[in-house]
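Okay, structure first, notes after.
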Amino acid sequence: MSRRTKSPSGVIDAPLDVAAQAKAREEGRPSVRDGRLKTYEPGANVGRFLELLGRRVSRPLAVSLTACVHCGRCAESCHYFLARPDDPTMTPVWKADQIRKIFKRHVDWTGRVAPWWAKAGTPDGDEDLNRLKNVVFGACSACRRCTFNCPMGVDTALLVRFTRGLLTELGIVPEGVFNVSRDQWETGNQMAVTETDFLETIEWMRDDLRAELGPGADIPVDRPDCDILYTINPREIKFDPRSIAHAARIFHAAGASWTLPKWGWDQTNFGLFSGDDALGAYVSRNLYEAAERLRARRIVISECGHGYRSTRWEGYTWSGYDQKLPTESIVAVLRRYLEEGRIVVDPGRNLEPVTFHDSCNIARSGDLVEEPRQVLRRVCADFREMHPNRQENFCCTGGGGLLAMAEYRPLRLEAGKVKAEQLKATEAALVCTMCHNCIDGLGDVIKHYHLPMRVVQVLELVSRALVLPAGS
Ligand code: SF4
Ligand code: SF4
């Protein structure tokens, strides 16, 4: 692997930084949760990496590893390459080739028989593994836009997640990935919110709600036998609890029977980003078991892209948990409330022009594209599409867990040029998204490119348009 394309961005050659892992080892907690989260140990990593690679390659991965014909069509799909068209290391195919060449050398027969012909290669040591880390964590937001534009069906984001998982197993990960994974293993949520903080924040929002709507309004916690188990993103507790209040107002107006669980409320899942299926299973199982414990009849996921994909789809596979309950997004519930006349709205309360950003994990990996539009057309006076949209929309820049990886921020913002141009062309004052990651990703783009707009969520716009019956 010593012969490599030089990266003009410098990202690929960023040094191996294992400070957080080393600190954790010094503090006597080299691994948490039954040793699942590994810390970096110098030496012997290449052998372990190759052993894991051989053991974990599945049929869908093998297809994506072998089907590429190097036509280059995926290049124009990637916001990194569009922002850096002179840098071949920003093309999806080059990124995928970094794991593909190792697969060919050690697993596929072509590379074992004729490595020079198959362009096979092998990592020489930890520095090569670190370079691989910088590619799969630092230069790809796992948005899957290239996947949708590959004529051979190659899923580059799948290969990226797979490679991230191998490196996570060795502790060769960005510091932020290590820290967030550790927090989610140790506390059950990725922002390390304590149970006291959780309950106090809910109590505070409940008091505000009752001040507005009267003593009958509630934000229930651990109430059994409800129709809805409502699960949230820790960001809502830590930074923006207004979104919980918006949901509570709407549930109150619709007469919904609902509750938050005291444990198992985090619908986000860093296992999707780190490639750690064991973490993915642990977090999703907490949530599914909470629904069972409280005898809820459905699981509803607040606005979050990767949380929706993890909880609605991947979590059942990672955890081997039989899906017993309908599992859906709050936006699908909002659309149903509007259709059934359970809530009344006035679009005249949202007069500013609004556009909609499709979160990658919801549109491309979740197939939830029309529901948010149907809701926004009901609650906003001026809804306008950005282009391209739906499954062809571009990433907010914050996908793939990149918001937790400060070292890759300059390149991420540079790649946000495409998103900035898309947003600007709408001339909207508000960009609406149904994802907390996208709020921060879009917020960074808006600030960096000096755009005159702000980010809102579907819940906020519906809550603002809500017409409450007199006396409620
Ligand atoms: S479009 Fe598909 S087949 Fe063509 S280079 Fe990209 S990944 Fe390979
Ligand atoms: S998944 Fe997205 S960011 Fe990653 S290579 Fe493909 S288009 Fe680029």
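The values are calculated or read from the model by the stated rules, or taken from the named source; none is laboratory data. All values reported here derive from a predicted model rather than from experimental measurement. Cβ: placed from backbone, ideal geometry, glycine included. Neighbour counts: every protein chain shown.
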Name the single residue, out of those in the stretch 75-105 being assigned to a helix (DSSP H, G or I) and away from ligand 2 (no atom under 12 Å from the Cβ), that is nearest to LYS119 (Cα to Cα). LYS101
Any residue that is more than 16 Å from ligand 1 (Cβ to nearest atom) and under 17 Å from the mean Cα position of the chain (by Cα) - is there at least one of those in the stretch 156-166? yes
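If I ask for residues that are more than 6 Å from ligand 1 (Cβ to nearest atom) and hydrophobic (A, V, I, L, M, F, W, C), which ones from the stretch 60-79 would you list?
Scanning the stretch 60-79 gives LEU61, ALA62, VAL63, LEU65, ALA67, ALA75, CYS78.
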So ALA20 clears everything in (1) within 23 Å of the chain's Cα centre (by Cα); (2) at pLDDT 90 or above except one condition, right? Which one? (2)
Being of a type in the set (Val, Ile, Thr) and at pLDDT below 95 is true for just one of THR231, THR194, THR201. Which residue is that? THR194
Regarding VAL331, is this residue more than 26 Å from LEU158 (Cα to Cα), touching a Lys or Arg at 6+ places or on another chain (Cβ under 8 Å), β-branched (Val, Ile, Thr) and not in a loop (DSSP other than H, G, I, E, B)? no
Wholly enclosed helices (runs of 4 or more DSSP H) of the stretch 165-242 bearing at least 2 residues in the same structural domain as ASN269 (by TED's automatic domain parsing), charged (D, E, K, R) and exposed (fewer than 15 other Cβ atoms within 10 Å of the Cβ): 195-213
Going through the stretch 122-149 in order, the residues found to be over 19 Å from VAL46 (Cβ atoms), outside any loop (DSSP other than H, G, I, E, B) and either over 22 Å from the mean Cα position of the chain (by Cα) or away from ligand 1 (no atom under 14 Å from the Cβ) (or both) are GLY138
Could you list all residues from the stretch 285-316 that are of a type in the set (Lys, Arg) and closer than 27 Å to THR397 by Cα? ARG309, ARG312
Residue check, ALA83 away from ligand 1 (no atom under 14 Å from the Cβ) and modelled with pLDDT of 95 or more: yes
Restricting to the stretch 188-213, give me the number of residues that are among the small types (Gly, Ala, Ser) and either under 19 Å from PHE239 (Cβ atoms) or touching a Ser or Thr at 6+ places or on another chain (Cβ under 7 Å) (or both). 2
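Do we find that MET152 is in contact (Cβ under 8 Å) with a residue 12 or more places away in the chain, surrounded by fewer than 20 Cβ atoms within 10 Å (Cβ to Cβ) and within 16 Å of ligand 1 (Cβ to nearest atom) in this structure?
Yes, satisfied.
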Being touching a Gly at 6+ places or on another chain (Cβ under 8 Å) and surrounded by 16 or more Cβ atoms within 10 Å (Cβ to Cβ) is the requirement here; does VAL455 meet it? yes
Failed criterion for ASP346 (all others in (1) surrounded by fewer than 19 Cβ atoms within 10 Å (Cβ to Cβ); (2) over 28 Å from HIS252 (Cβ atoms) hold): (2)
Sort through LEU411, LEU442, LEU403, LEU466 and tell me the only one that's within 23 Å of VAL300 (Cα to Cα) and surrounded by 19 or more Cβ atoms within 10 Å (Cβ to Cβ). LEU466
When you scan the stretch 354-372, do you find a residue that is surrounded by fewer than 17 Cβ atoms within 10 Å (Cβ to Cβ), more than 30 Å from GLY255 (Cβ to Cβ) and either of a type in the set (Lys, Arg) or assigned by TED's automatic domain parsing to the domain that holds GLY443 (or both), even just one? no
Quick one: how many residues across the stretch 106-147 are within 16 Å of ligand 2 (Cβ to nearest atom) and within 19 Å of ARG59 (Cα to Cα)? 2
Has the stretch 321-338 got any residue that is touching a residue at least 12 places away in the same chain (Cβ under 8 Å), in contact with a strand residue (DSSP E or B) (Cβ under 9 Å, 6 or more places away or on another chain) and among the polar types (S, T, N, Q)? yes
